[in-house]
Amino acid sequence: MTDGKVKNWQIRREMAYPYGEKRPARQFGAIFDTNKCIGCQTCTKSDKITWTNGRGMEYMFWNNTETKPYGFYPLAWDVRILDLLGPQKWERGIYTGNTVFEATSDGNVVLGYLPEDLDYAHPNIGEDEPYGQVERGDHIVMPHKVWHFYLPRICNHCTYPACLASCPRKAIYKREEDGIVLIDQKRCRGYKECVRACPYKKTYYNEVTKISEKCIACYPLVEQNEQVQCTKSCIGKIRLNGWIHPPEKADSSNPIDYLVHVRKLALPLYPQFGLEPNVYYIPPIHVPIPYLRQMFGPGAEEAIAGYKAAFRDETVLGAFMLFGATDRWISRFAVGSGWATGYDDQGKELVKVPIKEPEFLRPFYDEKHEVYRHNLT
Amino acid sequence: MRCRRNAKTWSLALGFLFVLLSAGTPCAHELPFRAKRIPGPLPLDPYHESWKQAPVVQIELIPQSITTPSIFEAKIQKLYARALHNGEEIAFLLEWEDETRDVVVDIDRYSDAAAVMFPSHETPGEEVVAPFTMGDGENPVNIWFWKASWQEKVEAPRIYYAPDPLHRPLRPEKGETEGFRGGVLAGNPVSGTRRTPVANAIARGFGTLTELHPEKTEFSIDGLGKWQAKRWAVTVKRSLAGHSELEAGFKAGEASHIAFAVWNGSENQRGARKVFSIWYDLTVEK
């Protein structure tokens, strides 16, 4: 085990990691717009019937959508790891606290905890439960006084996975071609070190096969240049898959890079853990900033301001319109003359969508049918 | 009498520290460890009369803190070992105090287990070359690994072992296949069925344990563990000759080496979180 120093751009500093820095040729990424998520669980269901419908997977959700602040799967996962980590600091955008790799002790590679069996038994705990109470005279203010939001979660296919770092058998690997993190089902012996180590609790122990399993980012789809199952099935069109680069290699024609790096509208989940997770969230605009800063880092306020101003910016709107617009994997995009176009790796057009839906104005009186049109339908 | 130790292992800095720390510990009732020769079949039952003929050796076990993950404290610190052979087979009896019988593996439960380890290759009369830290790249070791949860699996095979608070359908449903059991489809021996509760494995250093031909039942190692009066008694038994080049072979009248490890399920021990010993001399009686 080496004590390598690696660059983590999300916390804007070098940090300790058991292995050296080695970024894959391309990195799987995604953006989830929490403002558009209605908590319908279609993503959860589509993932469940695609991948986790076997024995020992009954309470295993590679994709889950939990209500914040009181929803957790498994129970209390984030508040428990935050509590273990203790109070930590960001100073001028740089994380000066300890990551889970730096705060560890007692012979463990990563600071973590192993959930109990029953922590997985209530995947919808806290669902739709808001924070706060409505009192006499209350009215809507921003941020909301009484609030909740939905947080859809998959494996973050981290640049510095804690599961990979903690596996004593090196049974977990990150693919060079797309950065997807996988557990070798032949090599795993079910020690549950990864379940203990992953702060997002996105590796799961299968009690029937006696080994651990996790989200595979639908790699058979990614290999065919298709977006993943939970993205494709999202009826709210809140998700977009694509390649994410480190900021110094950001390509503004790539919609993921554009929204994450150029516009800084989408933020990583708990960047202070130090894993450089690769699923990015557009924070909910109605939630108090201190909560969002804890969850998404110091960029939360700026991201919300940018999101609120998006209606004035055709390029941002164009990027948003590509969410859920095609099953294919969008590598580049262009916006112009009221249209957003998504392209594949080869520059071939995949989809073209209007930034604004066309409006049709029909006269009140229909001369052909000799009737008045009422605005009823 | 003090344990003989292997000079090669001293090259490991942490191993060196470990040896120094344990240098003052008397480590045996009777050393070297002798596999007593008896006529007739060897017992599988750990409470069989024949075991009384074999001398008992007390083995010192210490928490594994050389590699990560490490442990620094453990309840189990001693193991009592005996060995018998009959010219064709060799059997070991391992006994240790354990207040709890842990046989279920679940998200938050772990199985009791024990293992004996031998160098895959040895030159009679020479010091052991393979490090006691599960061998290394050039010096593989052969490990016979008994696990209480596998004992349960062999004796009463079923889908789920934990008491079920989650209300799952416990019986196979009509038309149910093994589809979506990743470990089974990948041929992982941890996920598959077992004929005996003992895995026959090799290793070339920490984190490299690999089971040998788990699909070939004729090459398996037999074993039986019983927990009585807060004490595990476990036997493991195999032919004197190894089935392949990487498996330890024994010959009557020749000296060899053996090391031990125990996992206590109630202390969340698994994998590298274990208590283990250094090499002990093992003599197979003529």
query = Taking the stretch A:70-86, which residues are surrounded by fewer than 20 Cβ atoms within 10 Å (Cβ to Cβ), of a type outside the set (A, V, I, L, M, F, W, C) and under 18 Å from A:Phe273 (Cβ atoms)?
reply = A:Arg80, A:Asp83, A:Gly86
key: Pairs with Cβ under 8 Å, 6+ apart, first in the stretch A:103-114 and more than 10 Å from chain B (Cβ to nearest Cβ), second at pLDDT below 90 and surrounded by fewer than 16 Cβ atoms within 10 Å (Cβ to Cβ)   = A:Leu111/A:Ser105
task = Could you please give the count of residues in the stretch A:189-205 that are assigned to a loop (DSSP other than H, G, I, E, B), at the interface with another protein chain (Cβ under 9 Å from one of its Cβ atoms) and of a type outside the set (Lys, Arg)?
result = 2
request  = Could you tell me which residue of the stretch B:54-74 is nearest to the other protein chains (Cβ to nearest Cβ), considering only residues that are farther than 29 Å from B:Val284 by Cβ and among the polar types (S, T, N, Q)?
outcome  = B:Ser70
request  = Select the helices (runs of 4 or more DSSP H) contained entirely in the stretch A:265-345, then report the ones holding at least 3 residues which are of a type outside the set (Ser, Thr, Tyr) and over 17 Å from A:Gly93 (Cβ atoms).
outcome  = A:314-321
message = Condition first: on the phi > 0 side of the Ramachandran plot and touching a strand residue (DSSP E or B) at 6+ places or on another chain (Cβ under 9 Å). Now tell me which residues in the stretch A:149-200 satisfy that.
response = A:His157, A:Gly179, A:Gly190, A:Lys192
task = Tell me, yes or no, whether the stretch B:88-104 has at least one residue that is in a loop (DSSP other than H, G, I, E, B), modelled with pLDDT under 95 and more than 16 Å from the chain's Cα centre (by Cα).
result = yes
request  = With the checklist (1) assigned to a strand (DSSP E or B); (2) modelled with pLDDT under 95 in hand, flag the one item B:His29 doesn't pass.
outcome  = (1)
query = Which is crowded, with 21+ Cβ neighbours inside 10 Å, at negative phi and not aliphatic (A, V, I, L, M), of A:Thr50, A:Thr44, A:Thr67, A:Thr96?
reply = A:Thr44
task = Identify, from the list A:Val222, A:Val208, the residue that is facing another protein chain (nearest Cβ under 7 Å), touching a residue at least 60 places away in the same chain (Cβ under 8 Å), out of contact with any Pro (no Cβ under 8 Å at 6 or more places or on another chain) and more than 14 Å from A:Cys163 (Cα to Cα).
result = A:Val208
key: Matching residues in the stretch B:231-249 - criterion: being surrounded by fewer than 21 Cβ atoms within 10 Å (Cβ to Cβ) and either under 17 Å from the mean Cα position of the chain (by Cα) or part of a strand (DSSP E or B) (or both)   = B:Arg231, B:Ala233, B:Ser239, B:Leu240, B:Gly242, B:Leu246, B:Gly249
key: Filter pass, A:Glu223 being at negative phi, modelled with pLDDT under 95 and not hydroxyl-bearing (Ser, Thr, Tyr)   = no
Residue list for the stretch A:100-123, filter: at pLDDT 95 or above and among the polar types (S, T, N, Q) = A:Asn108
query = Where residues in the stretch A:115-149 are within 14 Å of another protein chain (Cβ to nearest Cβ) and of a type in the set (Asp, Glu), which of them is surrounded by the fewest Cβ atoms within 10 Å (Cβ to Cβ)?
reply = A:Glu116
ask   = Among the residues of the stretch A:245-255, is any touching a helix residue (DSSP H, G or I) at 6+ places or on another chain (Cβ under 8 Å), in a strand (DSSP E or B) and of a type in the set (Gly, Ala, Ser)?
value = no
query = If we scan the stretch A:255-262, do we find a residue that is among the acidic types (Asp, Glu) and crowded, with 22+ Cβ neighbours inside 10 Å?
reply = yes
message = Going through A:Tyr120, A:Tyr150 one at a time, which residue ends up being in contact (Cβ under 8 Å) with a residue 24 or more places away in the chain and within 19 Å of the chain's Cα centre (by Cα)?
response = A:Tyr150
request  = Output yes when any residue across the stretch B:207-215 is buried (at least 23 other Cβ atoms within 10 Å of the Cβ) and under 13 Å from the mean Cα position of the chain (by Cα), and no when none is.
outcome  = no
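The values are calculated or read from the model by the stated rules, or taken from the named source; none is laboratory data. Keep in mind that this is a model prediction, so the values were computed, not measured. For neighbour counting, all protein chains shown are included, and Cβ atoms are generated from backbone atoms with ideal geometry for every residue, glycine included.
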